[in-house]
Each structure stands twice: as structure tokens, then as C-alpha cells.
Amino acid sequence: KAGVTQTPRYLIKTRGQQVTLSCSPISGHRSVSWYQQTPGQGLQFLFEYFSETQRNKGNFPGRFSGRQFSNSRSEMNVSTLELGDSALYLCASSPGSTGELFFGEGSRLTVL
Amino acid sequence: GENVEQHPSTLSVQEGDSAVIKCTYSDSASNYFPWYKQELGKRPQLIIDIRSNVGEKKDQRIAVTLNKTAKHFSLHITETQPEDSAVYFCAASKGQAGTALIFGKGTTLSVSS
């Protein structure tokens, strides 16, 4: 079974631009969540989607948004990028029958 | 909202020693407490979890204890090995599986041989 796949793996943007990150969950997993990982703040929850509906949202500004498609694939978008948005963005999927999250390898975003 | 505090931020032990990492949470409605291990350059992976109706859970060399009254839970690793060196994150959530995890800031464990 293929794991969680995130694209792109690395990207560099400049301040003010926007970025879209993609996540393909493990087949059969309907829950997808996103986390921002930085050295100082650890893993911070962004949002969670289940069956195309946002079920939970973390404490991030409105520049951060996401969506989930009918095939459970998810995207997150960050608009008007700031230097502080540089981070590893991790996507995780869950089968729903247990609490375990299966993480992807992440998309490393650098904002210059 | 939920807040999870994790201590210590770094921990160095000798091979064979035990290691203990402690976390406290703020929301008494939280009922699921997993621990994730993240090796350098790799993705976080679940190593053990506990639900609020259980006080202790063990899996070989690792164990987790939960004190609901005090709102804290701990990870215990016995007979540490160099391959246990990693960053360990505790987390808390409420509701069903897949719900948002609020993570502690992590503990970097170094096991020297």
C-alpha cells in the first residue's frame, strides 16, 4: 500500500507570492490533516478534513486555507507569503478506525 | 484551546539507562494521547498511544502512563539503545480518530553508547 504522498517536496518562493501544496492520503483513508513544523514551534496543527468537510481548524491566519476533494486528496494554500511561513508542511492521513496518523515526508517551503 | 507542555526539551542518557519524558495538557475533554518519534530527516511515526479510560500501556521497552486528575502523561523508555535517539513528541486530542492533534514542542533524546 502506498504511503502518504506530498508534492512538491521542496519549493522556494518570495514574499507576497502564494503557494499550493498537495497531499494524497493512503488509499481508503478519509481524514487528512495538515501540520506546520518549525524548529522553534514544533508541530502545529493547521486543519483537518474529513469527507471534503473541514472538521477542525488550528490557530493560523486566514492566509492559510485548504480543501479536500472527493477522492480524499487534499491541498493547502498559503497566500501573501511571509518570511515566517518558511517551514516543513506535513500532511497526515488517518483510517478513522484508530487514532494513528500516517505522515507524509512533507513539503519544505522556503520564503525569501 | 488545548495546550500541551512537554519536558525536558533535551535529554541525554547512556545506553541501557531509562528515559522519561513528561507532558501536561490543559483541556480536560482531551481523551487520546499519542507519542510520535521523529528520526532526523524522517517523518513522525506513532510509537504508542493511550486513551483516557486506561492508566498505563506497555509495548516492549516503552510504556505510557496517564494521570487524568493531574492532566499529565509520561513516556518511559527502558534499556535505551542508540537507535532510540530521535525527537519525541507527545500530543493530545479529543473526539474521534483523526481529530486534530495538539503537539508538545518535542524532546530530543540522545543515547550514547
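Observations
- The tail of the calculated P(r) for the protein assembly as shown, taken as Cα-Cα distances beyond 31 Å, holds 21 percent of the pairs.
- For B:S26, the residues 5 or more places off, or on other chains, whose built amide H falls under 5 Å of its own are B:N3.
- Entry note, segment B:1-49: relative contact order of 31 percent, from Cα contacts under 8 Å with a spacing of 6+ residues.
- Whole-Hz ³J(HN,Hα) from phi, Karplus 6.51 cos²θ - 1.76 cosθ + 1.60, for segment A:5-18, glycine and proline x: 10, 10, 9, x, 7, 9, 7, 10, 10, 10, 3, x, 6, 10
- Calculated diffusion of chain B, Stokes-Einstein form, Kirkwood radius summed over Cα pairs, 25 °C and 0.890 mPa s, µm²/s: 175
- P(r) histogram, all alpha-carbon pairs of chain A included - 10 Å bins from 0, percent: 16, 51, 29, 5, 0
- Summed residue charge, Cβ within 10 Å of B:G104's Cβ, Lys/Arg positive, Asp/Glu negative: +1
- Residue-count net charge about A:S86 - beta-carbon cut-off 10 Å; Lys, Arg +1, Asp, Glu -1: 0
- Qualifying aspartates and glutamates (Cα of each under 14 Å from Cα of B:K57; at least 8 residues distant if same chain): B:D49
- Length-normalised contact order for segment A:20-112 - Cα pairs under 8 Å, 6+ apart - percent: 31
- Peptide B:103-113 has a mean of 2 when you count, residue by residue, the C-beta atoms of other protein chains within 10 Å of its C-beta.
- For chymotrypsin sites (Phe, Trp or Tyr not before Pro), the sites in segment A:39-112 that DSSP calls loop and that have at most 14 other Cβ atoms within 10 Å are A:F69.
- Between segment A:4-68 and segment A:76-107, the Cα center-to-center distance that results, in Å: 4
- Couplings 3J(HN,Hα) of segment B:69-78, computed from phi: 5, 8, 6, 9, 9, 9, 10, 10, 10, 9 Hz, in residue order, whole Hz [Karplus 6.51 cos²θ - 1.76 cosθ + 1.60, θ = phi - 60°; x for Gly and Pro].
- The value of relative contact order for segment B:1-104, using C-alpha pairs under 8 Å at least six residues apart, is 34 percent.
Throughout, read-outs are computed from the coordinates displayed, never taken from laboratory work. Please read all numbers here as calculations on a predicted model, not as lab measurements. A quick note on method: Cβ atoms are made from the backbone with ideal geometry, for glycine too, and the neighbour counts reach across all protein chains shown.
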